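The values are calculated or read from the model by the stated rules, or taken from the named source; none is laboratory data. Fair warning: this is a prediction, and the values are worked out from it, not measured in the lab. All Cβ positions, glycine included, derive from the backbone under ideal geometry; neighbour counts span all protein chains shown.
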Amino acid sequence: MFSDLRSLAEISKHQFLLHYTLLVQELELNPPPVNLIDLTYSICLKFDLSFCIIKKIIRLLSQIKKHPHFISGKNPVGIVAGAIYNVAKKEGTNLTQKAIAEAVGLTTLTLRKRRKELNQYNIFFKNIDLL
C-alpha cells in the first residue's frame, strides 16, 4: 500500500516515511499493526509457490505471532521473508535469499538474521509440520 502511495506522490521512500511519521504524530494517530498473514499473501504472489507451501508459511507465522518478543521492534517484512525462505528451503524449492530479499526490498543480511532467529526459537522445527 505504501509503495503505491509513494509512487503516486513521486517522492523518495525516505521523504515518504518522514512525512508519514509527521502526519501520524501531528494527528495523534495509532496506526494498526501490520498483519503478517496479509503481508504474506502479497509477498508470496511475487513467487511461484504452491498452495501447500503458502499454507505452511501461514502456519509458521501464526505460531510466531504468539511470541510478541520475537516480533517487537522488527520489520514485519523481514519476519515474513524469513518465514518464506525457511519453508521454501525445507520444501526443496530453488528460491534464493537474494531473490526474496530483492523482491521485498531487504538486504540478504536482514533475511539471514530473521532466518537464524526463527531457528533459534525453534518455532520452525516444532510447528511447521502440523499440517
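Tabulated results
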quantity	calculated
Checking ARG115 against (1) surrounded by fewer than 16 Cβ atoms within 10 Å (Cβ to Cβ); (2) at pLDDT 85 or above; (3) over 20 Å from ASN35 (Cβ atoms), the condition it does not meet	(1)
Of all residues making up region 5-63, the number that are under 30 Å from GLU91 (Cα atoms), part of a helix (DSSP H, G or I) and among the aliphatic types (A, V, I, L, M)	10
Flag if LEU39 is modelled with pLDDT of 80 or more, of a type outside the set (S, T, N, Q) and closer than 20 Å to VAL77 by Cβ	yes
Residue list for region 30-62, filter: buried (at least 18 other Cβ atoms within 10 Å of the Cβ) and touching a Leu at 6+ places or on another chain (Cβ under 7 Å)	LEU36, THR40, LYS56, LEU61
Selected residue (criterion: nearest to VAL80 (Cα to Cα)) from residues of region 25-63 that are among the acidic types (Asp, Glu) and more than 13 Å from the chain's Cα centre (by Cα)	ASP48
Matching entry among LYS116, LYS66 (being more than 10 Å from the chain's Cα centre (by Cα), in a helix (DSSP H, G or I) and free of Cβ contacts under 8 Å to residues at least 40 places away in the same chain)	LYS116
